1. Cut-off under 21 Å on the C-alpha distance; same-chain residues fewer than 8 positions from Lys200 excluded. Which lysines are left, in chain and number order?
2. Got a sec? What order do Arg332, Arg58, Arg575, Arg434 fall in by accessible area at 1.4 Å, biggest, i.e. largest, first?
3. Calculate, in nm to one decimal, what Glu95 and Leu400 gain on full extension: separation in residues at 0.36 nm each, minus their alpha carbon distance.
4. What whole-number distance in Å separates the alpha-carbon centres of region 560-608 and region 40-88?
5. With a ≥ b ≥ c the root eigenvalues of the C-alpha gyration tensor of region 44-158, is it rounded (a/c under 1.5), prolate (a/b larger than b/c) or oblate?
6. Note down the nm distance, to one decimal, between modelled labels 7 Å out along Cα→Cβ at Glu600 and at Arg149.
7. Using 17 Å as the cut-off for backbone N distance, which residues of region 80-97 belong to the label zone defined by a point 7 Å from the Cα of Arg117 along Cα→Cβ?
8. Quick check on packing: order 607-615, 49-57 by the mean number of other C-beta atoms within 10 Å, highest mean leading.
Amino acid sequence: LGAVEVPYSISVPDRSLDREPAVRAFRRLAEFALERTPEALLDVLRSSLIGLEDSEVRALERRARLEGVTLAELIARRPTGVPAGVAGRLAELLELSEILATHRDDDAEEAFWAVWRAASHYRALRENAGETSGGDVERELESLAVFARALGRFVERRRGSGTLGEYLESIGRADFGADPWLPPARRRGGVELLSFHASKGRQWSLVVVCGCVEGLIPKGRRARGLFDPYFLDRLSPVQRVLKNEAEDRRVFYVATTRARDRCVITTSPGASRRGQPTRFINELMGEAASPLPDAEPAPLTFSEAAARMRRALADVTAAAPLRLAALGALQRICKVDPECAAAQPRGWWWRWGWTEGAAAIRAQSGGEELPPDKLRTSYSRISKYDNCGLAYLFSVVLGLDPDSSHNMAFGSWIHQIFEDAEKEPSPEQRAGGRRRLTNGPMMAERFHELFEETVFPNLAIARQFRRDGLVLLERYEHHLKPGKALMSEHRFNVDFDGHLIRGRIDRVDKLGNRLIVYDYKTSRSAIYANEAKDSLQLAIYYLAATTDPDISQHGEPASMQLVYPAVMSRGDVARRCQKPEEAELVLERLPGLLQGVLDEDFRPSPEADCRWCKFKPLCPLWPEGRELPA
């Protein structure tokens, strides 16, 4: 909303009045005047009441240290040689402190009004109160007015004898209830953002209920604390799940009935596997509405309109009348808003290039072996595109992520040991010092040979990874039986409708007439079972196991598994499985993904797993996102 300049307010519960900067500044001034605490002095110097910059405060601290006195003693001397502005503010600090010290035995409200009349900052607030651009001024004045009323109530409760010192003593006690208030900025108009629960009892003409997907509404799971009173109910796990769902249904009903005229329910715009609409929509409407077409809405700002006209002008395949119209619209925007840099040709013309003719990604992947409309890729690359098109563009197409992390190095060492434990090294590998590893001590010895502490950020992390690696190898030897594999580290090339997909399968076992396909993961946390059922990597392994003659001659795959030797589950290493019928469903997405790469559809995905993404500073979905430099 902020990016498209739509006014909004976030509904929050009442907050403590003492957390407001204006109120805190007065309280710290009182603490310094009555108690002479050094921390209070530093806070009040930097507050709006006195208004010194950090550099000016540090300069005073250095001078006090050089002269061997405290900062309060230095200020009390009225030091010379400081800038005139700083000297004036320090003099005002001493004056205000003296006023509060004089009113030590008076009631707290009178002490506040004495400072209100004397402080230049408060005088400036009164003078600027009528300005239209004074949103911060309005908030500060209202917080001080509410604070003054709170002091008045404090004095009344003490029967007219509540001094400022007693007030400071009271707010420091654990049983003191701070005065709540709602900032004025939270009560303005515009779009109101609030939770389902906070909407109870209120109504609007238009209500938009966002993010109505399974796993959120209803929740797939609930967080548990150290002590969870919810589980004191004498209910079975199934009854608890039904009770949770009924509660979520009631809350969803509250949210969807807040509209007087119109209610809009939104789900994720991405792939349905991650944005499956909540079951409550079918209960509400009888059937889920079909998704809206991807129609581009009207621009809200001149900058957005200029960007759209520039895209139309840069499209060499667009009709000439459309490009001429875009050029004329840019000219009109420049006349209406001369300050709009996005519409000024000198700010963008020839600054960026765009792909003309054959797409660059096709030229990279086509070559002489493949037709120009076919792609050469790997399961890891296409899985990156499945997660986020923009991250695929930055990492794979533009190569902006060439660095290897310590996690990648650790994983390569472990996979090399697994390979040498499951098959004989090739002559070239033997020449490089590799040998068959037949037992745990040999694997541990090889791990110590490969391990390099300099790869890790610090020694503590390196030692932790060394311990984790030894535990991982011990579990691998005990639970996965090295040396019993039918195939290991098998490289494959799969022809998928003319596209070439390459990869490597860590291990294939034979169970009766069926095959089990494994992929080892060195992570210390396993994905959820539902994620494995939807794994594109395992689906491509299934495709390779059914089409590669070296594998398919041994039988049909019964299961594709992600194996986590570092994670134990019910007495065995954790396994996340995908069945053949689930793999078939996942493979239905593959043609669309391959075509998306060829079409250079590199839009960021709102459903992507962005936790470890390095490209957030370049992504428009994140606040820190910026335009990619040339």
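The values are calculated or read from the model by the stated rules, or taken from the named source; none is laboratory data. What you are looking at is a predicted structure, and each value in this text was computed from that prediction instead of being measured. Note that we place each Cβ from the backbone using ideal geometry, even for glycine, and neighbour counts take in every protein chain shown. With ligands, DNA and RNA removed, areas are computed over all heavy atoms of the protein, side chains included. Shrake-Rupley method; radii C 1.70, N 1.55, O 1.52, S 1.80 Å.
1. Lys200 reaches Lys219, Lys243.
2. Numbers: Arg332 145, Arg58 115, Arg575 70, Arg434 40 Å².
Ranking Arg332, Arg58, Arg575, Arg434 by accessible area, largest first, yields Arg332, Arg58, Arg575, Arg434.
3. On the way: separation 305, 0.36 × 305 = 109.80 nm, distance 5.90 nm.
Full-extension gain reported as 103.9 nm.
4. 61 Å
5. Working: a/c = 2.63, a/b = 1.46, b/c = 1.80.
Oblate.
6. It is 6.1 nm.
7. 95-97
8. By packing density, highest mean first, the sequence is 49-57, 607-615.
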